[in-house]
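Enquirer: Shown below is the structure under consideration.
Just so it is clear, none of the values below were taken in a lab; they were calculated from the coordinates. Since the model is a prediction, treat every value here as computed from it, not as a measurement. No Cβ is skipped: glycine too gets one built from the backbone with ideal geometry, and neighbour counts run over all protein chains shown.
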Number of protein chains: 2
Amino acid sequence: MPKRALADRSLQISLLSKRLHEILISDDFWRNIEFLTNERNIERLSEEDRIVVERLKKDVEKARKIPADFIERLSKAEALSYSAWEIAKKRSKFDIFLPHLKEIVELKREYCSYINLEGHIYNNLLDDYEEGMRYEKLKPAFEYLREKLSKLLDKLESEERINIKLSVRSQERLSHIILRYLGLKKDRFRIDLSEHPFTTRLSTFDVRITTRYLKENPLSSLFSTMHEAGHAIYELNLPKGKFRYTVISDAPSLGLHESQSRFWENIIGRSYSFWRFFYPILKKVEPRFEADIEDIYRYVNTIRRSLIRTEADEVSYNLHIVLRFEIETELIENRIEAKDLPEIWNEKMEEIIGIRPKSDREGILQDMHWSTGDFGYFPSYTIGNIYSAQQLYALRRDIEDMDSKVEHGDFNEIKDWLVRNIHRYGRMYTSEDIMKMCCGEGLNPQIFVRYLENKFLQRKFTI
Amino acid sequence: MPKRALADRSLQISLLSKRLHEILISDDFWRNIEFLTNERNIERLSEEDRIVVERLKKDVEKARKIPADFIERLSKAEALSYSAWEIAKKRSKFDIFLPHLKEIVELKREYCSYINLEGHIYNNLLDDYEEGMRYEKLKPAFEYLREKLSKLLDKLESEERINIKLSVRSQERLSHIILRYLGLKKDRFRIDLSEHPFTTRLSTFDVRITTRYLKENPLSSLFSTMHEAGHAIYELNLPKGKFRYTVISDAPSLGLHESQSRFWENIIGRSYSFWRFFYPILKKVEPRFEADIEDIYRYVNTIRRSLIRTEADEVSYNLHIVLRFEIETELIENRIEAKDLPEIWNEKMEEIIGIRPKSDREGILQDMHWSTGDFGYFPSYTIGNIYSAQQLYALRRDIEDMDSKVEHGDFNEIKDWLVRNIHRYGRMYTSEDIMKMCCGEGLNPQIFVRYLENKFLQRKFTI
């Protein structure tokens, strides 16, 4: 989208969202749902239709819990807070953001009082991104990761600096080649450029991704393309036909969505098998390319402590998330105060990741999530990483010769497995239930740690 | 847009249009308009606001004339008719289309009875595309063109075949270069590929065009880019600010819109001055290019009788329109019958353009307009051509050294003139009134003929 289009586009989207919300919470709509779900009628529906209607009922019940004036207050506060965060980050001054953050935390606590789920207060926030997931389950999982991954990071940290170079034109060609191998065809897909890569669905037959080509970070475009392709493949395979405009034609959680992007970016894209397939292609596109396959494999799997989440490797990335999880849960419990956050952040960084930010910009202000009220969002990144490793083991169980398939760039069976076991259900079941069906269990951080240890300690070069 | 997205996109658009129409014709909305336009209130509005409100009132009055059930009947008939036309054209069999065309003509006559403007029945149709324009004015103008342009065609027809070649990559570069010279910048504009070039506005800050690169027709992409750029410049300069979501932030007629595309495509793009500017650029992009500037000028101005409107030159194009105008006016008057159309078409082609189609596909079935009920649409193409020539003479009066500006690729003053005199008014006035203000008179086909005679007979190589 052209830059200047932003104001109008925002206006259009907010108008349509507002109208949608009005319909969703209207008494008229509610009466229709009650009619469909009364004892006599619900029995007459097919099983699939029943799932759709009950899913919708749950969404509407939740939406009706929140007073209209609260939504307005929250939106306004978030808009102001986001602007303040932008300025604060630019100037690296937490104080500019502080009063807004305080207000957002208060509003989010108020929000929790409306939703009022069982257990920990944080469950009310988590539920918006990871429906059905609970603090009580996440807390020990993240504690386990904190311990295991910190140790792993100590062992794996590398001082080596490998230099590789790829022209923007070669990067572009490689992105288009991998998209073709992943089966993303022009009749329902397109790729464009933007500053921050993202995926957007205009319909289940019109999914678009963006990427960006960075001279100084030559493989970043390939990985971001594979990442967004993972999201896109998911979106393109959500329930269609009579379900395409129902509430189930969507992912059940951000974590499961992220598992699909991380699967293609990390599990496949950073595997040795993948580079056995892709290295010759890269050499063909850029014949003067100097690094050999071992160099590239080490390059894309370099483990190094860093201050910035979005630049972190497969291991330390999750420590960044653990840190945010700890802070946001304590903040929402009112056990810590917003004003102390820069110090708390820096302390925790040193404790968990072993380095200390020198500025607010590199510390507490680096992510926008809290400024837009997205408390409870961060865990989904790590949930996605864990799920993707669990899916890998299930795939290795179900597909013979998976490594050799990847080595030949034959991703069809893998894709089919993901479609059949995950994508096609949409929101008919929760992420945890879908994972239980295809992987035999819900979130299991041990599998993820086992995957990392296999890969990085035992140097198992296969997937 | 990816191809498979079509069904969902159509559904979305029809849902939004339907909702918009419902609001537009609602009694509630009408009461608000009456309140704003009552004697006491209308006086309190600023002149601009008054124009907006009165413009809106006229639109709503017209929309309220048409019964809801009629709109439904017409939409259904048009959808079926369009499909039938597609098949009929593919098989070159008018009979497949005939029953649908008959029904559409009947429905359009019914439509005229609801609108019920003064004068000729055709005025009711014309008014949807060329508000304020009348059959009584168009008829003599088109008779004049028929006579003058037929003679001109006899004199100018050329047997010469010039061959030029440009790689798709060079075509693409030339398109991007000319867009830059025309001042279309990425912050509010983009260009994509599609089978049929078009312009679309998502907001007054987000206007997009498409083009296509044809190996066998190497300059077609350049002209289609300039054509769509003309539309885009218009859209980008329509009333903004507090007017951006009002009825006046639009063109007053298709003809005036088309005058802008034709202006850049033909008046500028096919002028000798333009090629003095652009030929060196072309040579730089494609150094092996063989034709010289004289060759290209003759190539882009070749006059030749052809069966297909969209492939016609600056002179004969309008004869194709005259033919359609004559047929559709008689059809809507019920003076001829749909079943006789293939024969009538072929006869008229021979009379007016001097060649006879050998099939329905090349004759009566070549355009989709009638299949979608667009009677009264065709004249706007020629109105656009006429207006663009009138604008040329006004520009030559107001801008010193216009030729030399074009020869240097300096289009700023020309663009500013068009923005100041045409674009910025949006729909505040009719096209005829806007033309009177900037060119001293409304539609004048003599100016257009004079422009063609100057250019083609006297070989005046300047604009």
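Enquirer: In deg cm²/dmol and to the nearest 500, what is the mean residue ellipticity at 222 nm of the protein assembly as shown if only DSSP H runs of at least 4 residues count, each as -39500 (n - 2.57), divided by the residue total?
Expert: Result for the protein assembly as shown, helices only: -19000 deg cm²/dmol.
Enquirer: Further question on the same structure: Going out from 0 in 5 Å bins, what whole percent of all Cα-Cα distances in segment B:3-121 drops into each bin?
Expert: Once binned at 5 Å, the Cα pair distances of segment B:3-121 give 2, 9, 13, 14, 15, 15, 12, 8, 5, 4, 2, 1, 0.
Enquirer: With a/c under 1.5 counting as rounded, go ahead and sort the protein assembly as shown into rounded, prolate or oblate using the C-alpha gyration tensor (a ≥ b ≥ c being the square roots of the eigenvalues; past the cut-off, prolate if a/b is larger than b/c, else oblate).
Expert: Prolate is the answer for the protein assembly as shown, as a/c is 1.5 or above and a/b outweighs b/c.
Enquirer: If each residue's Cβ is checked for other Cβ atoms within 10 Å, how do B:HIS423, A:HIS21, B:HIS320 rank with the fewest at the top?
Expert: By the 10 Å Cβ count, ascending, the order reads A:HIS21, B:HIS423, B:HIS320.
Enquirer: Using alpha carbons only, how many angstrom separate the centre of segment A:335-359 from the centre of segment A:185-254?
Expert: After rounding, the separation between the Cα centres reads 34 Å.
Enquirer: Please arrange A:TYR114, A:TYR381 by how many other C-beta atoms lie within 10 Å of their C-beta, fewest to most.
Expert: With the sparsest Cβ surroundings first, the list reads A:TYR114, A:TYR381.
Enquirer: From the phi angles alone, apply the Karplus equation (6.51, -1.76, 1.60; θ = phi - 60°) to segment A:240-251 and give each ³J(HN,Hα) in whole Hz, x where the residue is Gly or Pro.
Expert: Karplus-based 3J(HN,Hα) across segment A:240-251 equals 10, x, 5, 9, 5, 10, 9, 5, 7, 7, 7, 7 Hz.
Enquirer: Would you work out which of A:ILE13, A:SER46, A:LEU457 lies farthest towards the positive end of the dipole of chain A? Charges go on Cβ: Lys and Arg +1, Asp and Glu -1.
Expert: Positive-most Cα among the choices belongs to A:ILE13.
Enquirer: I've got another one for you. I need the inter-copy label distances for B:LEU202: point set 7 Å along Cα to C-beta, values in nm with one decimal, smallest first.
Expert: Those label-point separations list as 0.8 nm.
Enquirer: Moving on to the next point. Counting other C-beta atoms within 10 Å, which of A:TYR429, B:TYR272 has the fewest, and how do the rest follow?
Expert: Ranked by crowding around the Cβ, least crowded first: A:TYR429, B:TYR272.
Enquirer: Now for a separate question. Could you quote the convex hull projected area for chain A, Cα atoms only and averaged over all directions, in nm²?
Expert: Its Cα hull, projected and averaged over all orientations, spans 22.5 nm².
Enquirer: Moving on. Net charge within 12 Å of B:ASP410 by Cβ-Cβ distance, Lys/Arg positive one each and Asp/Glu negative one each, not counting B:ASP410 itself?
Expert: -3
Enquirer: On to the next question. Hey, for A:TYR144 with labels 7 Å out along Cα-Cβ, what do the inter-copy distances come to in nm, ordered shortest first?
Expert: Inter-copy label distances (nm, one decimal, shortest first): 8.7.
Enquirer: Another question about this same structure. Need one word for segment A:1-64: rounded, prolate or oblate. Basis is the Cα gyration tensor (sqrt eigenvalues a ≥ b ≥ c); a/c below 1.5 gives rounded, then a/b vs b/c decides.
Expert: prolate
Enquirer: Around B:SER46, under 13 Å between beta carbons, what's the net of Lys plus Arg minus Asp minus Glu among the other residues?
Expert: Spelling it out: positives minus negatives among the neighbours equals -2.
Enquirer: A follow-up question, please. Just to be sure I understand: of the beta bridges DSSP finds with both ends in segment A:89-463, what percent are antiparallel, rounded to 5?
Expert: 50
Enquirer: Starting from the Cα of A:TYR393, step 7 Å along the direction of its Cβ; do the same at A:ALA68; then give the gap between the two resulting points in nm.
Expert: It is 5.1 nm.
Enquirer: Just to verify a number: FRET efficiency for A:LYS415 and B:GLN12, C-beta to C-beta distance, R0 = 35 Å, to 0.05?
Expert: 0.80
Enquirer: In the protein assembly as shown, what % of DSSP beta bridges are antiparallel (nearest 5)?
Expert: Looking only at bridges with both residues in the protein assembly as shown, the antiparallel portion is about 50 percent.
Enquirer: Roughly speaking, what is the stretch gain from B:ASP340 to B:HIS196, that is 0.36 nm per residue apart minus the C-alpha to C-alpha distance, in nm to one decimal?
Expert: 48.8 nm
Enquirer: In addition: Which of B:PRO99, B:PHE278, B:ILE386 sits farthest toward the positive end of the charge dipole of chain B, with +1 on the Cβ of Lys and Arg and -1 on the Cβ of Asp and Glu?
Expert: So the residue we want is B:PHE278.
Enquirer: Related question: May I ask for the net charge around A:HIS196, where only other residues with Cβ less than 12 Å from the Cβ of A:HIS196 are counted and Lys, Arg are +1 while Asp, Glu are -1?
Expert: My count for the surroundings of A:HIS196 gives -1.
Enquirer: With charges set only on the Cβ (+1 for Lys and Arg, -1 for Asp and Glu), what does the dipole of segment A:1-142 come to about its Cα centre, in debye to the nearest 20?
Expert: With only Lys, Arg, Asp and Glu charged at Cβ, the dipole is about 840 debye.
Enquirer: Quick one: go through segment A:19-36 and flag any residue whose amide nitrogen is under 16 Å from the point 7 Å out along the Cα-to-Cβ line of A:TYR245.
Expert: Under 16 Å, as judged by backbone N against the label point of A:TYR245, lie A:19-21, A:23-24 of segment A:19-36.
Enquirer: Further question: Got the A:LYS3 label distances to the other copies yet, label 7 Å along Cα→Cβ, in nm, shortest first?
Expert: Ordered by increasing distance: 3.6 nm.
Enquirer: For B:LEU24 and A:ASN116, what is the calculated FRET efficiency with R₀ set at 41 Å and r taken between the beta-carbons, to the nearest 0.05?
Expert: Efficiency at R0 = 41 Å is approximately 0.45.
Enquirer: Another question, then. Could you list the residues of segment B:407-421 with an amide nitrogen less than 15 Å from a label point located 7 Å from the Cα of B:ILE281 in the Cα-to-C-beta direction?
Expert: Inside the label zone: B:407-415.
Enquirer: Separate question: Rounded, prolate or oblate: which fits segment B:108-180 when a ≥ b ≥ c are the square roots of the eigenvalues of the alpha-carbon gyration tensor, with rounded for a/c under 1.5 and prolate only if a/b beats b/c?
Expert: Here segment B:108-180 falls in the oblate category.
Enquirer: Right, here's the next one. If I model a spin label as a point 7 Å beyond the Cα along the Cα-Cβ vector, how far apart are those points for A:LYS137 and A:GLU216 in nm?
Expert: Between A:LYS137 and A:GLU216, the simple spin-label model gives 4.2 nm.
Enquirer: Assign unit charges at the C-beta atoms only (+1 for Lys and Arg, -1 for Asp and Glu), then state the dipole size of the protein assembly as shown relative to its Cα centre in Debye, rounded to the nearest 20.
Expert: Roughly 1800 debye, rounded to the nearest 20.
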